[in-house]
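Nothing in this text is a laboratory measurement; each read-out follows from the coordinates by a stated rule. None of the values given here were measured: they were computed from a predicted structure. As a convention, Cβ positions derive from the backbone with ideal geometry for all residues, glycine included, and neighbour counts pool all protein chains shown.
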Amino acid sequence: MEKLLKFTMRPAWIIFLRLLGIALLIVGIVTVALNATFGGFTPILWFLLALASFLGVICGELFRILAVLESKTHG
């Protein structure tokens, strides 16, 4: 479990999730503008995937804050 937390706290992973969320948001906007679906994904699904990606970013940042606070109390 600790390895998973350390992986999600990496800045590269958080940046990846941010870029993924922005890309999914753009795809959702394009599918709304074109009134189209890609691979059976309706625009609302693209927005929900973007929301899930942004929630991953929030969790990663919260894990980083928690790690900093724990290091201050133990050090």
The chain: calculated mean residue ellipticity at 222 nm from DSSP helix runs of at least 4, using -39500 (n - 2.57): -29000 deg cm²/dmol
For Val57, Val32, what ranking results if the residue with the fewest other Cβ atoms within 10 Å of its Cβ goes first? Val32, Val57
Whole-number D in µm²/s for the chain (Stokes-Einstein; Kirkwood sum over Cα pairs; 37 °C, 0.692 mPa s): 238 µm²/s
With Ile58 itself left out, Lys, Arg at +1 and Asp, Glu at -1 over residues whose Cβ is under 14 Å from its Cβ give +1
Residue-wise, which Karplus ³J(HN,Hα) couplings in Hz belong to segment 6-19, taking 6.51 cos²θ - 1.76 cosθ + 1.60, θ = phi - 60°, and x for glycine or proline? 5, 5, 6, 8, 5, x, 5, 5, 5, 5, 4, 5, 5, 5
